[in-house]
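J.: Below you will find the structure I want to go over with you.
The values are calculated or read from the model by the stated rules, or taken from the named source; none is laboratory data. From a predicted model like this one, the values you see are computed outputs, not experimental measurements. Reconstructed Cβ throughout: ideal geometry from the backbone, glycine too, with neighbour counts over all protein chains shown. The accessibility values were calculated without ligands, DNA or RNA, using every heavy atom of the protein model including side chains. Shrake-Rupley method; radii C 1.70, N 1.55, O 1.52, S 1.80 Å.
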Amino acid sequence: MSVPNTKYVIGLDYGTESCRALLVDVTNGAEIAAAVYPYRHGVITGVLPETEVELKKDWALQDPADYLEGFKTVIPQLLQKAEISGESVIGIGIDFTACTVLPTLADGTPLCFLERYRKNPHAWVKLWKHHAAQPEADQINQLAMERHEPFLAYYGGKISSEWALPKLLQIFNEAPEIYKATARFIEAGDWIVWQMTGQESRNACAAGYKGLWTHENGYPGSEFLAALKPGFKAAITDTMQGPIIAPGRKVGTLTRKVAKELGLTTEVAVSAATIDAHAGVPGCGVGSPGKMVMIMGTSSCQMVMTKRAHFFNGFAGIVKDGILPGYYGYEYGQSAVGDIFAWFIENAVPYQYYREAESRGLGLYALLEEKAAGLMPGENDLVALDWQNGNRSILMNANLRGVVIGYSLRTKPEAIYRALIEATAFGTRKIVETHENGAEPIDEFFACGGLTKNHMLMQIYADVLGRPVKIASSAQPVALGAAIFGALAAGNAAGGYDNSMEAVQKMIQPAARIFTPNERNHHIYQNVYQHYLKLHDYFGVL
Ligand SMILES: Nc1ncnc2c1ncn2[C@@H]1O[C@H](COP(=O)(O)OP(=O)(O)O)[C@@H](O)[C@H]1O
Ligand SMILES: O=C(CO)[C@H](O)[C@H](O)COP(=O)(O)O
């Protein structure tokens, strides 16, 4: 039951596999209720739903109907679970995976909702992990280097095939009729805000990290676009324009129709969207520079803020005020982490392990964690590269692939599983060293995301980094970070906040657990990491 006069905010975290929601007491960040909506169509690969249309390799799509069903399912569930009335909700914040983009008509109707386009894969949402636009990214990088385009420096010297412009250029190259019908090419986070408020916006976070927009220079000019492809020169001005609004700023309030459908009022302020990883920073209680937040899920992102801008190769993006206002936000990433472990479980575990797990009432993750925890660092004699879905940071090349060396006839599945986990930790260490060499020292590490429930994995990360890793107090820190942006959009007058630092201090509890490095293990990993670096430098130049 609600406490009289308590005000609440809602955080919506649209991850790769599901929409997670929190109802939060705005005065202290207490998590009153939680709800999850697994996407009905999940990640679309292989075949387009309800058709026989086959998708090529490296394609990854989603159905925007799942996103609508997401908030329409979880928000009423929150109110019901908390037994509160909608009148006490003052704000909503939304974080979304990015660059997850869709083509729509001028009124926001997704092209894949229209019968005439539904069978064309280019009419659907291109999920952040859609890597089929690598040739377009290669062309953009090559031309930008030749023309000394200023935007390249803001992406560490190379943009990813995951970003918006390669994906739009792929549509232009492969589906002219879809490109012609595209009035808006919009981030899914901004599209959801649009559906809720009727107001179109482009959040400064995704525009900066994924859309080639910079505070200093705006979007790349039409000359550059025309040099890419003559008919492409108006691509950005035609489809990606819209007011650039920083996360935490109010875009609008719920429309009457949406408010009624959700059981909320039309007074509810909706913040500009942000990227899921970036919401994890305030959600972990970080509001100042020099602290790296690792958001560890299907993929991983490593976020850190600095007082001033440093330009060097290897980061995925730098945006002024991109994470929180007043600082430069750096983003790094690993395109596959949890995905690697899911792939291993689905493809490389013998049936005896499934039978053992079933007979003991364990999940496969738990069984593998138990067996792999029994191995000492280095005992598996294996070294791996974590590139099953390419390398985002620091090499920015989606064509790279995974490597495991050291197999013997004695190699067991748990040894391989542990080597894959160690490889993702080495990949994170390479990112940390690149940032500290190019920018400023990192004095604290925080982690959140689905992988933090694997304590063996978290201990390996602490041992490989040689640094303590603090685990977020919240079970859903990304959604909590989104709720903070909802409180900022509502503002102090409505019971929220006007200052992000105050919101973080009031709404976030101290870390739930700290994994501290085991010195002996760290010493062993120092040697194994040298082998990782040799593989990294040898195979990283594909
Ligand atoms: N115990 C575990 N150990 C390792 N990986 C796990 C474990 N549990 C889930 N995963 C992986 O975590 C990923 C989901 O992460 P999560 O943060 O929950 O979702 P999302 O990436 O959609 O935000 C999946 O790739 C899954 O394979
Ligand atoms: O590139 C991104 C952030 O900048 C994607 O949003 C992120 O990699 C996807 O996160 P998750 O794997 O946890 O869904």
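J.: Along the Cα-to-C-beta direction of A348, a point sits 7 Å from the Cα; which residues of the stretch 2-31 have their amide N less than 16 Å from that point?
T.: none
J.: Something else now. With 5 Å bins from zero, work out the P(r) of the stretch 399-441 over every alpha carbon pair and list the percent per bin.
T.: 6, 17, 20, 18, 14, 11, 8, 4, 2, 0
J.: At a 10 angstrom cut-off on C-beta neighbours, averaged per residue, how do the peptides 20-30, 52-62 rank from highest to lowest?
T.: On the way: 20-30: 22.6, 52-62: 15.3.
Averaged packing, sorted descending, gives the order 20-30, 52-62.
J.: Taking 8 Å as the Cα distance limit and 6 or more residues as the minimum spacing, I'd like the relative contact order of the chain as a percentage.
T.: 17
J.: Kindly provide the pair-distance distribution of the stretch 154-237 built from C-alpha pairs, with 5 Å bins from 0 and whole-percent values in order of increasing distance.
T.: Values per bin, smallest distances first: 3, 13, 22, 25, 21, 12, 4, 1.
J.: Computed FRET efficiency, Cβ-Cβ of K119 and K412, R0 45 Å: what is it to the nearest 0.05?
T.: After rounding, the FRET efficiency stands at 0.45.
J.: Okay, which of the stretch 430-463 sit inside 16 Å, backbone N to the point 7 Å along the Cα-Cβ direction of S288?
T.: 441-446, by backbone N distance to the label point.
J.: Something else: Using Cα-Cα distances under 8 Å and only pairs 6 or more residues apart, what relative contact order does the stretch 186-284 have, in percent?
T.: Numbers: 131 pairs, mean separation 33.2, N = 99.
Averaging sequence separation for qualifying contacts and normalising by length gives 34 percent for the stretch 186-284.
J.: Need the full-extension length gain, T237 to N518, defined as separation in residues times 0.36 nm minus the C-alpha distance. One decimal, nm.
T.: 95.8 nm
J.: Turning to a different aspect of this structure: What number comes out for the charge environment of H536, summing +1 per Lys or Arg and -1 per Asp or Glu over other residues with Cβ under 15 Å away? The partial results should precede the final answer.
T.: Values: positive: R392, R401, R429, K430, K534; negative: D386, E422, E433, D537.
Summing Lys/Arg as +1 and Asp/Glu as -1 gives +1.
J.: Can you pull the one-decimal nm distance between simple spin-label points at L68 and F312, each 7 Å off the Cα toward Cβ?
T.: Placing both labels 7 Å beyond Cα along the Cβ direction yields 4.7 nm.
J.: Throw me the Rg/Rh for the stretch 190-314, computed over C-alpha atoms with Kirkwood Rh, two decimals.
T.: Details: Rg = 17.5 Å, Rh = 16.9 Å.
With Rh from the inverse mean 1/r over Cα pairs, Rg/Rh is 1.04.
J.: Within 15 Å, Cβ to Cβ, of E223, how many net charges do the neighbouring residues add up to if Lys/Arg are +1 and Asp/Glu are -1?
T.: Counting the neighbours of E223, the net charge comes to +1.
J.: How large is the dipole of the stretch 8-272 about the Cα centre if only Lys and Arg carry +1 and Asp and Glu carry -1, each at its Cβ, rounded to the nearest 20 debye?
T.: 300
J.: Here is a follow-up. List the aspartates and glutamates whose Cα lies under 14 Å from the Cα of K260, skipping any in the same chain that are fewer than 8 positions away.
T.: Qualifying aspartates and glutamates at Cα under 14 Å: E87.
J.: Let me ask something else. Using a cut-off of 12 Å between alpha-carbon atoms, which aspartates and glutamates can reach K412, once sequence neighbours fewer than 8 places away in the same chain are excluded?
T.: Result set, ordered by chain and number: E379, D381.
J.: With viscosity set to 1.002 mPa s and temperature to 20 °C, compute the Stokes-Einstein D of the chain, Rh being the Kirkwood radius across alpha carbon pairs; µm²/s, no decimals. Don't skip to the answer; put the middle values down first.
T.: On the way: Rh = 23.6 Å.
It diffuses with D of about 91 µm²/s by this estimate.
J.: What's the local net charge at Y39, with K and R +1, D and E -1, over the other residues with C-beta under 12 Å away?
T.: Details: positive: R20, R40; negative: E17, D63, D66, E69.
Spelling it out: positives minus negatives among the neighbours equals -2.
J.: Ranking request for peptides 184-196, 404-416, 276-288, 219-231: highest mean number of other beta-carbon atoms within 10 Å first, then the rest in descending order. Mind dumping the intermediate values first?
T.: Details: 184-196: 25.1, 404-416: 14.2, 276-288: 28.1, 219-231: 16.2.
The most tightly packed comes first, giving 276-288, 184-196, 219-231, 404-416.
J.: Suppose only helical runs count, i.e. DSSP H with n ≥ 4. What mean residue ellipticity at 222 nm does that imply for the chain under -39500 (n - 2.57) per run, divided by all residues and rounded to the nearest 500 deg cm²/dmol?
T.: Details: 18 runs with 203 residues, N = 542.
Calculated mean residue ellipticity at 222 nm is -11500 deg cm²/dmol.
J.: Any idea what the relative contact order of the stretch 5-63 is, in percent, if you count C-alpha pairs under 8 Å spaced at least 6 apart?
T.: Numbers: 90 pairs, mean separation 14.1, N = 59.
Value for the stretch 5-63: 24 percent.
J.: Per-residue accessible area for D443 at 1.4 Å probe radius, Å² rounded to 10?
T.: Its accessible surface works out to 110 Å², give or take rounding.
J.: Taking 0.36 nm per intervening residue step and subtracting the Cα-Cα distance, what contour gain separates A153 from A227 on full extension? Show your work: numbers first, answer last.
T.: Details: separation 74, 0.36 × 74 = 26.64 nm, distance 1.94 nm.
Computed gain between A153 and A227 is 24.7 nm.
J.: Distance cut-off 21 Å, Cα to Cα: go down the list K7/K291; K56/K126; K167/K534; K158/K229 and report the pairs above it.
T.: Check vs 21 Å cut-off fails for K7/K291; K167/K534.
J.: Now, a different point. Please sort 342-348, 491-497 by packing, taking for each peptide the average over its residues of neighbouring beta carbons within 10 angstrom, highest first. Mind showing how you got there, number by number?
T.: Numbers: 342-348: 13.4, 491-497: 17.6.
Ranking the peptides 342-348, 491-497 by packing returns 491-497, 342-348.
J.: Determine the order of H148, H131, H523, H215 by accessible area, beginning with the largest, at a probe radius of 1.4 Å. Before the final figure, lay out the partial values.
T.: Details: H148 155, H131 5, H523 120, H215 90 Å².
Ranking H148, H131, H523, H215 by accessible area, largest first, yields H148, H523, H215, H131.
J.: What full-extension length gain, to one decimal in nm, is calculated for A183 and D443 as 0.36 nm per residue of separation minus the Cα-Cα distance? Please report the intermediate quantities before stating the final value.
T.: On the way: separation 260, 0.36 × 260 = 93.60 nm, distance 4.54 nm.
This chain segment gains 89.1 nm when fully extended.
J.: Compute the accessible area per residue over the stretch 8-272, keeping the other protein chains in place, probe 1.4 Å, unit Å².
T.: Result: 36 Å² of accessible area for each residue.
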